[in-house]
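Some notes on the structure that comes next.
What follows draws every value from the coordinates through simple rules; no lab data is involved. Computed from a predicted model, the values in this text were never measured in an experiment. Here the Cβ is made from the backbone with ideal geometry for all residues, glycine too, and neighbour counts use every protein chain on show.
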Amino acid sequence: MSASRQYYHAKKRSEEDPLQYLYRLNVMGMQAKIPVMTGLPAARKEHVNHFIDTLDDPDLSNQLLLLNVEDAEAMQRHCTDINKGDRVKGK
């Protein structure tokens, strides 16, 4: 399967937290030569939207959509905050 196909068919695995999935998706995007970190703003936003669409967690997806995150770096910060909150809650 080509790198592009893997990227566009990616889904969050059940054992992954959102940040782990974002890292994996970022790597797949870079391998597919998709400008996930350094491209034009529209391409970076499309990557973020692809991440949100493939999270397989409707509640979290809706929360992230409301944040209107523009790029993967900002999304990483939000996912790090989510992970910190989960650790505090004991999840």
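Here are a few things to note about the model shown:
- Candidates Asn49, Asn62, Asn26, ranked by Gaussian network fluctuation over the chain, Cα under 10 Å, top entry: Asn62
- Ranked list, fewest to most other Cβ atoms within 10 Å of each Cβ, for His47, His9, His78: His9, His78, His47
- Full extension of the chain between Thr38 and Lys84 gives 13.9 nm of extra length, using 0.36 nm per residue less the Cα-Cα distance.
- [x] 8.7; [y] 5.7; [z] 12.2, with the label sought being that of the calculated mean projected area of the Cα convex hull in nm²: [y]
- Comparing Lys45, Lys12, Lys33 in a Gaussian network model of the chain, where Cα atoms under 10 Å apart are tied by springs, the biggest mean-square fluctuation is seen for Lys33.
- Karplus (6.51, -1.76, 1.60) ³J(HN,Hα), θ = phi - 60°, over region 12-17, in Hz, Gly and Pro reported as x: 5, 7, 4, 7, 8, 8
- Top of Leu65, Leu22, Leu55 by mean-square fluctuation, Gaussian network on the chain, Cα under 10 Å: Leu65
- Evaluated over the chain, the count of Lys pairs having alpha-carbon atoms less than 29 Å apart is 12 (only pairs 8 or more residues apart or interchain).
- Inter-label distance, nm, simple model (7 Å from Cα along the C-beta direction), Asn62/Glu16: 2.3
- Look at the alpha carbon pairs under 8 Å that are at least 6 residues apart: their mean separation over the length of the chain gives a relative contact order of 29 percent.
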